[in-house]
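**Q** Take a look at the following structure, please.
Taken together, the values in this text are just the output of simple stated rules run on the coordinates, not laboratory data. Computed from a predicted model, the values in this text were never measured in an experiment. Cβ coordinates were reconstructed from backbone atoms using ideal geometry, including for glycine residues, and neighbour counts include every protein chain displayed.
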Amino acid sequence: MAKDLTLLLIIALPLIGFAINGLFGKKLPKTLVGGLATGVVFTAFILATTLFFGLHGTQIVKLFNIIDFEQLRINASFQIDALSVWMTLIITGIGSLIHLFSMGYMSHDEGYHKFFTYLNLFIFSMLLLVLGSNYFVLFFGWEGVGMCSYLLISFHYNDAEKGLANSLAGRKAFIMNRIGDVGLLLALFMLLGQFHTLEFLQIGKALEANPALQGGALFLITLSLFIAATGKSAQIPLFTWLPDAMAGPTPVSALIHAATMVTAGIYLTVRSNFLFELAPATKDIILYVGLATTLIAAFMALRQNDIKKVLAYSTVSQLGLMFVALGFGAYTVALFHVTTHAFFKALLFLGSGSVIHGMHEEQDIRKMGGLAKLMPITHFTFLIGTMAIAGIPFLSGFFSKDEIMAQALHHNPVVYGVLVLAVSMTAIYMFRLYFLTFQGQFRGGAALQSKVHESGLSMTLPLMVLALLSVFGGLLNLPGLFIKSTAHWFDHYLSHGTFGLSSVHNAHLDFSTAMGLMLFASAIAIGVMIWAYLNYAKKGAIAKADEALSGWEQLSAQKLYVDEIYHALFVKPLLALSDFTGKVLDIQLLRNGVYALADGILNTANLTRKWQTGFLSSYLFWMVFGLIIFVAYYILKLSVWH
Amino acid sequence: MSLQIISIILGSLTLASALMVVLSKHPVRSVIYLVITFFLITSMYIMMNAQFLAVVNMIVYAGAIMVLFLFVLMLLNLNKEVEPMATRGSQLAAFIAGGSLFLVLITALKDTLILGQSYRENHSQIGLVKELGNLLFSKYIVAFELTSILFIAAMVGAILLAKRENQIIE
Amino acid sequence: MQAATSIGTSLDFYLFVSFALFTIGAIGAMTRKNMIVLLMCIELMLNAVNLMLVTFSTYYNNGDAQIFVFFTMVVAAAEATVGLSIIIMAYRNLKSIDIDMYNKLKN
C-alpha cells in the first residue's frame, strides 16, 4: 500500500474509533466498544510497522492547505521519517496494550464507552502531534492532548466523595499546560517572523544554509519552546499537575502521564534539534532545570505512601533525566530513554492498576503487603519493572540510564555526581515501593485479604508483554563494548533518519571509562536492592505513620510544600484580584456608576419639568423672551458685527 | 403744521386708549376702549392714503369682531364679575419682558436709514381701491380663493364647537 | 434718525406707535387673566403689525404689504370666531374664564 495512504489511515483510524464510540457507544455492547477502540489502535500499530520496515529517508504527505496567502502558507501535512515513525510505534503499540488493559479495568464503570472515546481521541491527537510536518499541526495535536488529558483526569467528576478533587486536578493540569502553551505560541510567532514558514524541513534547511541567523532571536525561540516542554513534560516549575493527575483512572496515568503525552516535550526538543544546536545558552538552561527536577522529584518520592503518587514523582524525575540528556545535546540518548521509560513505566502503572483493582480501590501502600502470593503475575511483572527502572544490569533501563550518565561524565563530572545521587534515590524509593507492596505481612485487614485476587487475562496480558519489552528493550541500543556489529542501532537509526541529527554526535567514552561506569552503576543498583531487601523484608520495616516522620521525611512527604508555595504566590493574589474586580470595580464603578447616571438624568428631568407650569401667561412670557433674543441677535448681526 | 399736530394727537390718543384696554377692570370697558383704538388706527390709515384698508379695518374689526366679543361677553354674563389680579411677581416679569421688547425694537430704529420724507410728499396712490384690486386679483388670486375655504372652515368649526352636546344619562 | 420735515409726518413716528402698541398688547396678554381680554390684546398686537405694514407700504410705494394686511385681517377674523367658540365651550366645562384654571398640562 502506498505510504501516504498508510499514513492517512494511521491517523484516521483512531478518529473513526472516536466518532463511532462517541456517537453510538451507549447503545453498543461493551465488548464491541472496547474491542473496536483497541482494534483501531492495534491496526494503526500494524500499519506503522509496515511504514517502519519500508522507511526511506524523509517523506512529506500533504493533505490540504489551512492558510494560503502569499506571505503565509500553512498546510496540513505530515512527515514520515525515523523519529515520527518511532514515536508512532510507541504510541500505538503501548496504546493498544493499554486499551486492552482498560477493557478489563474499566469493565465495571458506567462511563465505559466515554472512556474509550476519549482514549481514541487522545491517540488521534498524539499522532497528529508526532506526525505533523510543521509546528502548526504539532500545535494542533499539542492542544488536543492537553484537552484529552483534562477530560480523562477528571473522568470521575461525578464521584460522590472524590468528584470535586478529580475535577480540580483536571483543571490544574489544564491550566499548567496552558501556561506552557503560551511558550509554544510565542515560539510559533517568532519562528514565523524569522523564517516565514513553520515546516520543520524548511526551517532546518534555512538554518543549515545560513547559520548566521543565530543570536538573540534563536535564544528566545528555543527558550519559549522549552517553556512549552516544561508545561507538557512536567519540569520545574510546572510539574505539580502530574502528581495531582493521578486522580484519573490508572490506564490514563499509564498512557498519558507515563508513556506518551509527557514525552511530547522531549519530542518537540528533538524535532527542533537544529534550533537548539545554535542556542547553547538554552541548552544549559535545559540541563540545569532537568537536573534540578530529577533530584527534587526523586526526593519527594522517597516518602510518598500512595502507590500512584510514587510512580508519578518517579515519572517527573525520569523526565528530568531525559532533559539532562537533551541539555548535553544527546538527542538520540534521550529518545532511547523515552522508549525504555515508556516500556517500564507503563508496566509499573498498569501493574499498580492491577494491584488497585485487586485491592478493591485501595491505594495506600501502608495497607498493602504480602501481595506476592496473592497476585503472582502482577508481582512478577512489577518486580521486573522495578528492576528496570532501578538500573539492574542488562535490563532496558540499565542501558538507557547508562548512556545518559556517560554523556554527563564526559561533559561535566559535577553533573554526573548529582545524577548518581538521583539514580540512587530512584532505586531506593522504587524498591521501597516494591517491598512494602508485595512483601511482608498483609496490613489491610483480614476482610480485605480474603477478597484480593489476581486480575483477569485482559489485564495481565499487557503486563506480560510490557515485561518482555522491559527486559529486552535494551537490545535496541547496546553500547557496543563487546558486540560491535549491532551496537548503537537505535542511535544510527534515528540520527540517519531525522533531519539535523546526523550532524550531532554523541560523546563516546573509551573502553575502560565505559566499563567502569557500567560497573559503578550496577553496583549502586544491586547494592540498593540488597539494602532494601534487608531493611524491609528481613527487618520488617514498614512505612511510618504520619506523626512519626522526622524532619526531612516530613519535607519529602509534603512534597517540599511546593503546592502550598504556589498557592500563596500565585493563586491567592489572583483570587484577591478577581475578588477586587468583582466586588469593588464591578459593583462600585459599573453598577453604581450606571445607577448614578440614570439618577442624574431623572433629577434633571424633574427639574426641567417644572418649566411646564400650565399657565398661559408664563408661556407668553417665554415667547416674548425668545422674541427679544431673536430680534436682538439680528440687530447685532446687522449693525455691530458687520 | 396742522397735519403734524393731528398726527401726534392721533398717535398719543391711540396709545392712551390701548393702555386703557389693558388696564381697565371691566371687560366691557376694555371692549369699548379697543373699539376706540380701532377708530384711531383707521384714521391713521386714512392719513397715509390707505383708503381700502381703512374701510376694511372699520367694517371687519370694529364692526364685526368687536360686536362678536361683546356678544360673548353678554352671553357669559360677566358684566359684574371682577377677575383676580395677577401676582406681583408675574406682573413684574411681564413688565420687564415687555419693556425689554420695546427697548430692543427701538434700538432697531437707531441707525437705520429711513426715507425721512413726509408721506404727503410721496403722494402714494397705492392705497386706492383700484390699485389694490389690480394687485389682489392678479398676483394674489390663489390666496384670495383660499381665504374662502378658510372662512368656511372657521364657520363650520365655530358652529360645531359651540353646539350644546346632548346629555348622556348614565 | 434722518432729519425729517417734521416728526409728526415721518415714518419713524408711526413705527414708534406701532412698537408701543405691540408692547402694550404683549404686556396685556401676559398680565390679564380674563380669556376674552386676552384675545383682545392679541387683536391689539395684530393691529400694531398691520399699522407697521401699511406704513412701509406707503413709504416704499409697494402694494404687496397692503395685500398682506388684508389677508392678516381675514385670518384674524376667522381666528376670533373660533377662539370665541372655544371660550364658550371652556366656560361650559369649568364655569370660569380665568386662564389660570386651565393648567391641566402642568408638568
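**Q** Per-residue counts of other Cβ atoms within 10 Å, averaged by peptide: what ranking do you get for A:230-243, A:516-529, highest first? Don't skip to the end; give the middle numbers.
**A** Values: A:230-243: 24.8, A:516-529: 17.2.
Top of the packing list down: A:230-243, A:516-529.
**Q** Along segment A:127-139, what does the Karplus equation 6.51 cos²θ - 1.76 cosθ + 1.60 (θ = phi - 60°) give for ³J(HN,Hα), rounded to whole Hz, x for Gly and Pro?
**A** Karplus-based 3J(HN,Hα) across segment A:127-139 equals 5, 4, 4, 7, 9, x, 9, 9, 5, 6, 5, 4, 5 Hz.
**Q** OK, next. With n ≥ 4 as the cut-off for DSSP H runs, can you work out [θ] at 222 nm for chain A, using -39500 (n - 2.57) per run divided by the number of residues, rounded to the nearest 500?
**A** Values: 28 runs with 433 residues, N = 642.
The helix contribution divided over chain A gives -22000 deg cm²/dmol.
**Q** Continuing with the same structure: Could you tell me the calculated FRET efficiency between A:E161 and A:Y619, based on Cβ-Cβ distance and R0 = 56 angstrom, to the nearest 0.05?
**A** 0.10
**Q** Can I ask one more? Just order A:340-350, A:50-60 by mean Cβ neighbour count inside 10 Å, highest at the front, would you? Working shown, then result.
**A** Working: A:340-350: 29.5, A:50-60: 13.7.
Per-residue mean Cβ counts within 10 Å order the peptides as A:340-350, A:50-60.
**Q** Within 10 Å of each Cβ in A:603-611, how many Cβ atoms from other chains are there, averaged over the peptide? Intermediate values should be presented prior to the final figure.
**A** Details: counts 0, 0, 0, 1, 0, 0, 2, 2, 1.
Mean partner-chain Cβ count within 10 Å for A:603-611: 1.
**Q** Among the lysines, which have Cα under 26 Å from the Cα of B:K130 when same-chain residues fewer than 8 positions away are ignored?
**A** B:K139
**Q** Amide H neighbours of B:L128 under 5 Å, at least 5 residues apart or on other chains, H built in the peptide plane: list them.
**A** Residues meeting the criterion, in which the H sits 1.01 Å from N, are B:Q51.
**Q** Follow-up. Cα axis of helix A:216-232 to longest principal axis of chain A: angle in degrees, 0 to 90, nearest 10?
**A** 70 degrees
**Q** Hey, another quick one. List the equivalent ellipsoid semi-axes of segment A:113-188 in whole Å, largest first, each obtained as the square root of 5λ for an eigenvalue λ of the Cα gyration tensor. Don't skip to the answer; put the middle values down first.
**A** Details: eigenvalues 133, 52, 4 Å².
Over the Cα atoms of segment A:113-188, the semi-axes work out to 26, 16, 5 Å.
**Q** Still on this structure, please answer the following. Residue by residue, what Karplus-based ³J(HN,Hα) values in Hz, rounded to whole numbers, does segment C:98-107 have, using 6.51, -1.76 and 1.60 with θ = phi - 60° and x for Gly and Pro?
**A** So the J values, rounded to whole Hz, are 7, 5, 6, 6, 9, 10, 5, 7, 5, 6.
**Q** Next up: Take every Cα-Cα pair in the protein assembly as shown and report what % of them are more than 50 Å apart.
**A** Numbers: 207938 of 421821 pairs.
Result: 49 percent of Cα pairs exceed 50 Å.
**Q** Another one. By counting other Cβ atoms within 10 Å of each Cβ, how are A:R443, A:R432 ranked from fewest to most? Can you show the working numbers first?
**A** Values: A:R443 17, A:R432 23.
The order, fewest Cβ neighbours first, is A:R443, A:R432.
**Q** Here is a follow-up. What FRET efficiency, computed as 1/(1 + (r/R0)^6) with R0 = 51 Å and r the Cβ-Cβ distance, is obtained for A:D68 and A:Q588, rounded to the nearest 0.05?
**A** Working: r = 50 Å, r/R0 = 0.97.
Calculated transfer efficiency: 0.55.
**Q** Sticking with this structure for a sec: Would you grab the residues whose amide H sits under 5 Å from the one on A:Q304? Only those 5+ places off in sequence or on another chain, please, with H modelled 1.01 Å from N.
**A** Residues meeting the criterion, in which the H sits 1.01 Å from N, do not exist here.
**Q** Please list, ordered by chain and number, the residues whose modelled amide H lies under 5 Å from the amide H of A:V61; skip anything fewer than 5 residues away on the same chain.
**A** Excluding prolines and chain starts, which carry no amide H, the hits are A:F78, A:Q79, A:I80.
**Q** Let me ask something additional. Considering segment A:543-632, what Rg and Dmax in Å follow from its alpha-carbon atoms?
**A** 34.3, 104
**Q** Do any of A:K30/A:K451; A:K610/C:K106; A:K345/A:K367 go past 19 Å between their Cα atoms, and which? Intermediate values should be presented prior to the final figure.
**A** Working: A:K30/A:K451 25 Å; A:K610/C:K106 8 Å; A:K345/A:K367 23 Å.
Where the Cα-Cα span goes over 19 Å, the pairs concerned are A:K30/A:K451; A:K345/A:K367.
**Q** For segment B:1-81, treating each Cα as an identical point scatterer without solvent, what Debye log10 I(q)/I(0) comes out at q = 0.18 1/Å?
**A** Taking Cα atoms of segment B:1-81 as identical point scatterers yields -0.78.
**Q** If I fit a long axis through the Cα atoms of helix A:82-105 and take the longest principal axis of the Cα atoms of chain A, what angle between them do I get, 0 to 90°, rounded to 10?
**A** With both axes taken from Cα atoms, the answer is about 90 degrees.
**Q** If you filter segment A:401-504 for chymotrypsin sites (Phe, Trp or Tyr not before Pro), then keep DSSP loop positions with at most 14 other Cβ within 10 Å, what is left?
**A** Working: sites: A:Y416, A:Y429, A:F431, A:Y434, A:F435, A:F438, A:F442, A:F472, A:F482, A:W489, A:F490, A:Y493, A:F499; in loops: A:F442, A:F482, A:F499.
Here the sparse-neighbourhood loop sites are A:F482.
**Q** Per residue of B:38-48, how many C-beta atoms from partner chains lie within 10 Å of its own C-beta, taken as a mean?
**A** Numbers: counts 3, 0, 1, 9, 1, 0, 6, 7, 0, 4, 9.
Whole-number average of other-chain Cβ neighbours for B:38-48 is 4.
**Q** Could you estimate the translational diffusion coefficient of segment A:558-609 from the Stokes-Einstein equation, with Rh from the Kirkwood formula over C-alpha pairs, at 10 °C and 1.306 mPa s, in whole µm²/s?
**A** Values: Rh = 14.0 Å.
After rounding, the answer is 113 µm²/s.
**Q** Tell me the angle of helix A:280-301 to the major Cα principal axis of chain A, expressed in degrees between 0 and 90 and rounded to the nearest ten.
**A** Rounded to the nearest ten degrees, it is 70.
**Q** Round to the nearest 0.05 the FRET efficiency obtained for B:A143 and A:A598 when R0 = 41 Å and r is the Cβ-Cβ distance. Provide the component values of the computation, followed by the final result.
**A** Numbers: r = 52 Å, r/R0 = 1.27.
Efficiency, from the Cβ-Cβ distance: 0.20.
**Q** So what J values fall out for segment A:387-404 if you push phi through Karplus, 6.51 cos²θ - 1.76 cosθ + 1.60 with θ = phi - 60°, rounded to Hz, Gly and Pro as x?
**A** 5, 5, 6, 6, x, 5, x, 6, 7, 5, x, 4, 5, 5, 5, 4, 4, 5
**Q** OK, next. Given the C-alpha atoms of segment A:345-544, compute the convex hull and give its volume per residue in Å³.
**A** Working: hull volume 28.0 nm³, N = 200.
Hull volume normalised by residue count: 140 Å³.
**Q** Highest mean first, how do B:91-101, A:401-411 rank when packing is the count of other Cβ atoms within 10 Å averaged over residues? Kindly include the intermediate steps, with their values, before the conclusion.
**A** Numbers: B:91-101: 17.4, A:401-411: 22.7.
The densest-packed peptide leads the list: A:401-411, B:91-101.
**Q** A further question on this structure: What is the average number of partner chain Cβ atoms found within 10 Å of a Cβ in A:621-629? Write down the numbers at each step before the final one.
**A** Details: counts 10, 1, 4, 12, 5, 0, 6, 8, 2.
Shielding by partners across A:621-629 averages 5.
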